[in-house]
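Data block below; observations after.
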Amino acid sequence: MCRAVKVLCVADDEESLSALRRATTAAEWELTAGATSETDALSVIDVERPHALVVFGGFEHLVWLVRDRFPAMRIVTDRDTPGASAVAPTRDDVREVLRSLARPGGPILAGS
């Protein structure tokens, strides 16, 4: 049994978040609940344990916190941000950038 790659999207407001989630949706991964604040994003990370974080907007501190706490997490941002794994300049680039990043771990055996 393989586990699904989980992706958390974070944006400045609900409208931007909805657009980012639509642009990020793909059969290869599942989206967690999104977030529009650093506090909400950290809460989702603590509960959902996503493998990737897609951040559009001014969340440099969030990227730094996540990189510090979860060094292996893939982080995609819309701008050059210290700690980001990759930059997707537009929402249309997000899926391709996520696909280009290495997948986490291997298969999880039943009972693990």
(Q) Please list Arg22, Arg67, Arg91 from largest to smallest accessible area, probe radius 1.4 Å, with all protein chains kept in place. (A) Arg22, Arg91, Arg67
Q | the chain - charge dipole about Cα centre, Lys and Arg +1 at Cβ, Asp and Glu -1, debye rounded to 20 | A | 580 debye
Q. Angle, helix 60-69 long axis vs. longest principal axis of the chain, Cα atoms, 0 to 90°, nearest 10?
A. 20 degrees
(Q) List residues of segment 8-26, by number, whose backbone nitrogen lies under 20 Å from a label position 7 Å along Cα→C-beta of Asp92. (A) 16-26
Q) Rounded to a whole number, what % of the accessible area of segment 1-97 do carbon and sulfur atoms account for, probe 1.4 Å? A) 50 percent
Q: Using only Cα atoms, tell me the angle between helix 14-24 and the longest principal axis of the chain; keep it within 0 to 90° and round to the nearest 10.
A: 50 degrees
Q: Return one whole number: the accessible area per residue of segment 11-71 in Å², for a 1.4 Å probe.
A: 50 Å²
**Q.** When the convex hull of its Cα atoms is projected in every direction, mean area for segment 1-59 (nm²)
**A.** 3.9 nm²
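The values are calculated or read from the model by the stated rules, or taken from the named source; none is laboratory data. Since we're looking at a predicted model, the values are computed, not measured. Neighbour counts are summed over all protein chains in view; Cβ atoms, including those assigned to glycine, are modelled from backbone coordinates with ideal geometry. The protein model used for the area step is the full one, side chains on, heavy atoms only, and it has no ligands, DNA or RNA in it. Shrake-Rupley method; radii C 1.70, N 1.55, O 1.52, S 1.80 Å.
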